[in-house]
Amino acid sequence: MDQPANIVVIPREDAVFWLDSEGWWRNDGGRFRKKKIIDYFHRHIDRDENGYFVLQDKGGIWEKVYFPYEDTALFAFDIRKENSGIWLVLNTGREILLDPETLYIQDDRLYAINNEECIRFAERAMIRMCALMEEDENGRLQICTGGRKYVITEK
């Protein structure tokens, strides 16, 4: 994302909004309700050496807000199968090809790693992924894709 030259940086501890562990934006008033605002915030998530931020235009003044998040800033909101691959549709709007070897389960939640970024599967994506999973003879979950089976590790 190209950034304007003049930016006001808001540190994480001063942000007035955060991303909860389920991928919902919140502030002191509760969970954001307006889809347009929710989508805007998700689409404007970016990352640099200081962490995740949302870049927003506040009437000609650009704010780079490093926001807190309870689990991870990236969520797979949906998946789509294409040929022998699985594409993750992220909360940011990006789509990335899943590397099934990076999948893991922690606290009954499914995650993947992409370029050192942790991605949590939101409920819809998790339900769709379940259709691709089965248990092996040792009771471990595995995903079947591209003609191969990959055991999903537990942390």
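Would you kindly state how much longer the chain becomes between R94 and V16 on full extension, computed as 0.36 nm times their sequence separation minus their alpha carbon distance, in nm to one decimal?
Numbers: separation 78, 0.36 × 78 = 28.08 nm, distance 2.52 nm.
So the extension gain works out to 25.6 nm.
Which value in Å is the Kirkwood Rh of region 92-155 over different Cα pairs? Kindly include the intermediate steps, with their values, before the conclusion.
Details: mean 1/r = 0.0812 Å⁻¹.
Across region 92-155, the inverse of the average 1/r is 12.3 Å.
Given an 8 Å cut-off on Cα distances and at least 6 residues of separation, report the relative contact order of the chain as a percent. It would help to have the intermediate numbers written out before the result.
Details: 272 pairs, mean separation 27.9, N = 155.
Rounded, it is 18 percent for the chain.
For the chain, with the dipole built from +1 on Lys and Arg beta-carbon atoms and -1 on Asp and Glu ones, taken about the Cα centre, which of Y69, I45, G139 lies farthest toward the positive end?
The one lying farthest along the dipole's positive direction is I45.
By average Cβ neighbour count within 10 Å, what is the ranking of 118-131, 136-149 from highest down? Numbers along the way, then the final one.
On the way: 118-131: 16.8, 136-149: 11.9.
Those peptides, ordered most packed to least, come out 118-131, 136-149.
How big is the charge dipole of region 1-90 about its Cα centre, in debye rounded to the nearest 20, if each Lys and Arg gets +1 on its Cβ and each Asp and Glu gets -1 on its Cβ? List each step's numbers first, then the result.
Working: 13 positive and 16 negative charges, 95 e Å.
Dipole about the Cα centre, nearest 20: 460 debye.
Can you grab the distance from the C-alpha centre of region 11-64 to the C-alpha centre of region 78-155, Å, no decimals?
Region 11-64 and region 78-155 have Cα centres separated by 26 Å.
What is the magnitude of the charge dipole of region 36-145 about its Cα centre, with +1 placed on the Cβ of each Lys and Arg, -1 on the Cβ of each Asp and Glu, and no other charges, expressed in debye to the nearest 20? Walk me through the intermediate numbers first.
On the way: 13 positive and 22 negative charges, 108 e Å.
Dipole about the Cα centre, nearest 20: 520 debye.
Provide, as a two-decimal number, the C-alpha radius of gyration of region 45-86 over 2.2 N^0.38 Å, N being how many residues it has. Provide the component values of the computation, followed by the final result.
Values: Rg = 15.1 Å, N = 42, 2.2 N^0.38 = 9.1 Å.
Ratio of Rg to 2.2 N^0.38 Å for region 45-86: 1.66.
Around V9, under 15 Å between beta carbons, what's the net of Lys plus Arg minus Asp minus Glu among the other residues?
Working: positive: R12, R47, K58, K64; negative: E13, D14, D46, D48, E49, D57, E63.
Surrounding charge for V9 is -3.
Just to be sure I understand: of the beta bridges DSSP finds with both ends in the chain, what percent are antiparallel, rounded to 5? Can you show the working numbers first?
Working: 37 of 47 bridges.
So the antiparallel bridges in the chain amount to around 80 percent.
Enumerate the calculated ³J(HN,Hα) couplings along region 9-17 in order (Karplus 6.51 cos²θ - 1.76 cosθ + 1.60, θ = phi - 60°), each rounded to whole Hz, writing x wherever the residue is Gly or Pro.
Here the 3J(HN,Hα) series is 8, 9, x, 3, 5, 9, 5, 9, 9 Hz.
For n ≥ 4 DSSP H runs only, could you compute -39500 (n - 2.57) per run for the chain, divide by its residues and tell me the 222 nm figure to the nearest 500?
Numbers: 2 runs with 17 residues, N = 155.
Here the helix-only value at 222 nm equals -3000 deg cm²/dmol.
For the pair R140 and K58, what calculated FRET efficiency results from E = 1/(1 + (r/R0)^6), where r is the Cβ-Cβ distance and R0 = 30 Å, to the nearest 0.05? Mind showing how you got there, number by number?
Details: r = 49 Å, r/R0 = 1.64.
E between K58 and R140, to the nearest 0.05, is 0.05.
Could you look at region 51-155 and say what percent of its accessible area is carbon and sulfur, using a 1.4 Å probe and all protein chains? Write down the numbers at each step before the final one.
Values: 2520 of 5700 Å².
Here it works out to 44 percent.
Could you work out the per residue convex hull volume over the alpha carbons of the chain, in cubic angstrom?
On the way: hull volume 20.4 nm³, N = 155.
Enclosed volume per residue, from the Cα hull, is 131 Å³.
The values are calculated or read from the model by the stated rules, or taken from the named source; none is laboratory data. The structure presented is a predicted model; accordingly, all values stated were derived computationally and were not measured. Please note: Cβ atoms are built from the backbone with ideal geometry, for glycine as well, and neighbour counts cover all protein chains shown. Just so you know, the surface numbers come from the protein's heavy atoms only, side chains and all, with ligands and any DNA or RNA stripped out. Shrake-Rupley method; radii C 1.70, N 1.55, O 1.52, S 1.80 Å.
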